[in-house]
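First up is the structure itself, then whatever we jot down about it.
The values are calculated or read from the model by the stated rules, or taken from the named source; none is laboratory data. This is a predicted model, so every value here is computed, not measured. Cβ atoms come from the backbone with ideal geometry, glycine included; neighbour counts cover every protein chain shown. Areas reflect the complete protein model, heavy atoms only, side chains present, ligands, DNA and RNA absent. Shrake-Rupley method; radii C 1.70, N 1.55, O 1.52, S 1.80 Å.
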Amino acid sequence: MNARTTRTLAAALSLTAALAISGCSGSEDGSSDPAPAVSGAFMPQPVNDKMAGAFMVIKNDSKTADKLTGVSSPLSDDLQIHETKNQKMQQVPSLDLPANGELKLERGGDHIMFMGLKSTPKVGDKVTVELRFEKAGPVKVELDVKERTYTGQAPTSTAGNGH
């Protein structure tokens, strides 16, 4: 793991802890479910200011299923949640975040689309997004802008899976 990944993970964990402490993720019965945690968040450098994608893994350590219902960012006023089914991309209102599971937003699969960028970020920049969920409180994430060919690294070992 490189230093940038370590810092990103540390920031995501710190934010998760802060949200949990503030009660943003508390449930009606007074118990507290952990806020979703994000790892591996990145955006390939956009080719132009028309659109860009965002990819990450959102982990839900809660016993309650949730949904990613919205995304916002200062970079664009039009962020969309997209799913890919049968090799076709389409906008959807939400994506499921299973209890004690994860939602993978990755190239060729489900992802976030930025439409009509206000500027064109370059490799090494950071782009802030806020993820909104049906049940959990909002989570702020910094996307590392990577080379256009970057595909992301799995946050856990990929040994034995053929990649």
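In segment 138-149, the residue that is most open to solvent (accessible area, probe 1.4 Å) out of those that are of a type outside the set (S, T, N, Q) and not in a strand (DSSP E or B) is R148. Looking at segment 67-76 only, could you name the residues that are open to solvent by 40 Å² or more (accessible area, probe 1.4 Å) and over 19 Å from V145 (Cβ atoms)? Selection gives K67, T69. Within segment 115-137, being surrounded by 15 or more Cβ atoms within 10 Å (Cβ to Cβ) and out of contact with any strand residue (DSSP E or B) (no Cβ under 6 Å at 6 or more places or on another chain) holds for T120, G137.
Among the residues of segment 102-110, is there at least one that is over 18 Å from G152 (Cβ atoms) and in contact with a strand residue (DSSP E or B) (Cβ under 8 Å, 6 or more places away or on another chain)? No: zero hits.
Within segment 37-56, identify whether any single residue is of a type in the set (D, E, K, R) and free of Cβ contacts under 8 Å to residues at least 60 places away in the same chain, and answer yes or no. Within segment 37-56, not a single residue is of a type in the set (D, E, K, R) and free of Cβ contacts under 8 Å to residues at least 60 places away in the same chain. For segment 4-22, does any single residue satisfy the condition of being part of a loop (DSSP other than H, G, I, E, B) and either modelled with pLDDT under 95 or closer than 19 Å to Y150 by Cβ (or both)? No, because not a single residue in segment 4-22 is part of a loop (DSSP other than H, G, I, E, B) and either modelled with pLDDT under 95 or closer than 19 Å to Y150 by Cβ (or both).
Only residues that are more than 22 Å from S39 (Cβ to Cβ), part of a strand (DSSP E or B) and among the polar types (S, T, N, Q) were counted across segment 81-132, and they come to 2.
Quick check: anything in segment 48-57 out of contact with any Lys or Arg (no Cβ under 8 Å at 6 or more places or on another chain), among the polar types (S, T, N, Q) and part of a strand (DSSP E or B)? Looking for residues that are out of contact with any Lys or Arg (no Cβ under 8 Å at 6 or more places or on another chain), among the polar types (S, T, N, Q) and part of a strand (DSSP E or B), one finds none in segment 48-57, hence no.
Can you spot a residue in segment 97-105 that is open to solvent by 30 Å² or more (accessible area, probe 1.4 Å), of a type in the set (D, E, K, R), at pLDDT 95 or above and more than 16 Å from K140 (Cα to Cα)? Yes - at least one qualifying residue is present in segment 97-105. I'd like to know if segment 59-66 contains one or more residues that are open to solvent by less than 60 Å² (accessible area, probe 1.4 Å), more than 18 Å from S39 (Cα to Cα) and in contact with a strand residue (DSSP E or B) (Cβ under 6 Å, 6 or more places away or on another chain). Among the residues of segment 59-66, not one is open to solvent by less than 60 Å² (accessible area, probe 1.4 Å), more than 18 Å from S39 (Cα to Cα) and in contact with a strand residue (DSSP E or B) (Cβ under 6 Å, 6 or more places away or on another chain), which makes the answer no.
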